[in-house]
1. Determine the equivalent ellipsoid of the chain by diagonalising the alpha-carbon gyration tensor, then write out the semi-axes as square roots of 5 times the eigenvalues, largest first, rounded to whole Å.
2. Per residue of segment 198-209, in order, report the coupling 6.51 cos²θ - 1.76 cosθ + 1.60 (Karplus, θ = phi - 60°) as ³J(HN,Hα) in whole Hz, putting x for Gly and Pro.
3. What percent of all Cα-Cα pairs in segment 174-248 falls into each 10 Å bin, going from 0 up to the bin containing the maximum distance?
4. Rg and Dmax of segment 1-138, Cα atoms, in Å?
5. Please give the charge dipole size of the chain, origin at the Cα centre, charges +1 on K and R Cβ atoms and -1 on D and E Cβ atoms. Round to the nearest 20 debye.
6. Send over the Kirkwood Rh of segment 144-213, from the inverse of the averaged 1/r over different Cα pairs, rounded to one decimal Å.
7. What percentage of the solvent-accessible surface of the chain, computed with a 1.4 Å probe over protein heavy atoms, is contributed by carbon and sulfur atoms?
8. Considering only GLY143, PRO156, VAL125, whose Cα is most displaced toward the positive end of the charge dipole of segment 124-164, charges sitting on Cβ of Lys, Arg (+1) and Asp, Glu (-1)?
Amino acid sequence: MRRPLVVGNWKMNTSREEATQLAAAVRARVAAVPVEVVLCPPFVWLEAVRRELEGATIRVGAQDVYWESNGAYTGAVSAEQLAELCEYVIVGHMERRRLFGETDQDVARKVAAAVRAGIVPILVVGEDADARGAGRTEEVVRGQLAATLPPPGSGPLVVAYEPAWAIGSGNPATPEQAQAVAGILRAQLADSGWDRETVPVLYGGSVGPETFGGFIAQPDLDGALVGRASLDPEAFSAMVETAAVTQF
Ligand code: PGA
């Protein structure tokens, strides 16, 4: 059974007070809406946001994880540590790949660490503008997924398609472009032994309340990974409400 899923990636934004107020504002608006909602604040506010959401069905996720369980890894946070605070973690985001030099191998290790600790990985793949221009979108996203996908049956998993050229640009992909890639990813999941119906596939990249409906209406998309618009409780909640009335 497919269920809509809307994830907010707050990135490196919010003070402690802003984070708790944002969580409370989202909670007030969507508490009763039958949609899986995940808020991903910065590491430092995970605990505060989790407390703010106590008793609500809204989940908390981290934006990154390190693959070792513990030890001398200054500044790193392990999946086992995160498991005490949250249920999801974003892995493979373009900003991690581009700004922090993460490779597919690093992403694969992080996914494996999340699975080991019982946290749901939100595994992000996506091509850059050059790859799309060269007609290599399918090759790139399939390559990234093949290199990072955990073994079938290893636990819940979310896959997000985020073209690098759409993230933060104000220019989302069209719903048809997103659907084309989502269909490819879903077929690849099935070929890899995953149940194609139980892995939510999200679109991300400049999604807002005006465009969200077009994405969630696509047959192979279950929701969105939202950056900037997730910092606005009204905009974010409007997308959750749209998801709730979408027929799957
Ligand atoms: P954006 O970010 O919605 O601000 O484009 C999406 C993301 O990076 O997950």
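The values are calculated or read from the model by the stated rules, or taken from the named source; none is laboratory data. Computed from a predicted structure; not experimentally measured. Virtual Cβ from ideal backbone geometry, glycine too; neighbours counted across all protein chains shown. Keep in mind that these areas ignore ligands, DNA and RNA; they rest on the heavy atoms of the full protein, side chains included. Shrake-Rupley method; radii C 1.70, N 1.55, O 1.52, S 1.80 Å.
1. Values: eigenvalues 117, 101, 58 Å².
Taking √(5λ) for each eigenvalue gives 24, 23, 17 Å, largest first.
2. Computed from phi, the couplings for segment 198-209 are 9, 9, x, 10, 10, 10, x, x, 6, 7, x, x Hz.
3. With 10 Å bins starting at 0, P(r) equals 20, 50, 25, 5.
4. 16.0, 49
5. Values: 21 positive and 31 negative charges, 30 e Å.
I would put it at about 140 debye.
6. Details: mean 1/r = 0.0774 Å⁻¹.
Its Kirkwood hydrodynamic radius stands at 12.9 Å.
7. Details: 5440 of 10800 Å².
Percent of accessible area from carbon and sulfur atoms in the chain: 50.
8. The residue sitting farthest along the positive end of the dipole is PRO156.
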